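Report on one structure; see the data block that follows.
The values are calculated or read from the model by the stated rules, or taken from the named source; none is laboratory data. Source: prediction; values computed, not measured. Because the Cβ atoms are built from the backbone with ideal geometry, glycine has one as well, and the counts that use them run over all protein chains shown.
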């Protein structure tokens with residue numbers, strides 16, 4: 001089956017678009033909602049007072065304490081959902097992670113089954129980690145798989161270490177005040193911009209690899 005994990009905005013157009021594509025090509029598709037159970041609608045990652053994330057559930061609970069279906073899973077994750085894919089890579093048959101990040105990566109993971117798709121102009125999820133299987137989306141921005149998106153948004157870019165220990169990861173919660181107190185942050189403006197051509201191309205590349 002194809003299992004699709006959403007980004008910080010919850011299940012939206014990128015996820016539905018990918019789901020429809022694989023359904024039309026005859027695959028069983030599931031959408032993983034790892035927010036609703038914890039009363040999270042979306043994460044803003046923002047420093048502005050009225051948009052600050054203020055949740056107490058841990059990222060570990062949301063992203064790794066998951067009972068996946070007991071079958072062969074091809075996972076596709078977008079942004080934070082891509083990070084979920086990296087955290088759980090050993091649980092999937094194949095694993096495709098679009099512009100994953102925001103949080104620091106964990107050490108000592110096996111990514112032999114994983115393909116990471118990086119947007120060349122991404123100024124949000126910018127880590128120095130290298131993966132054996134990487135596709136570079138030329139001239140693309142973060143969120144290029146989201147249809148009809150072209151906007152700048154303010155974010156708090158927390159100063160996470162590029163590679164986190166498991167102990168550090170377990171303490172992470174989506175709470176602006178907590179994350180700032182531990183890691184500090186800089187105020188950034190990031191670009192979200194669609195690219196329909198590359199969106200279609202990468203969905204087809206995944207299809208061809210199955």
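For residue 21, state whether it is more than 24 Å from residue 175 (Cα to Cα) and modelled with pLDDT of 95 or more. Spelling it out, residue 21 is indeed more than 24 Å from residue 175 (Cα to Cα) and modelled with pLDDT of 95 or more.
If you filter the range 132-161 down to residues that are under 28 Å from residue 182 (Cα atoms) and assigned to a loop (DSSP other than H, G, I, E, B), you find that the one that is modelled with the lowest pLDDT is 161. When 104, 143 are checked against the criterion of being farther than 27 Å from residue 17 by Cα and touching a helix residue (DSSP H, G or I) at 6+ places or on another chain (Cβ under 8 Å), a single residue qualifies: 104. Looking across the range 183-204, the residues that are surrounded by fewer than 14 Cβ atoms within 10 Å (Cβ to Cβ) and in a helix (DSSP H, G or I) come down to 196, 197, 200, 201, 204.
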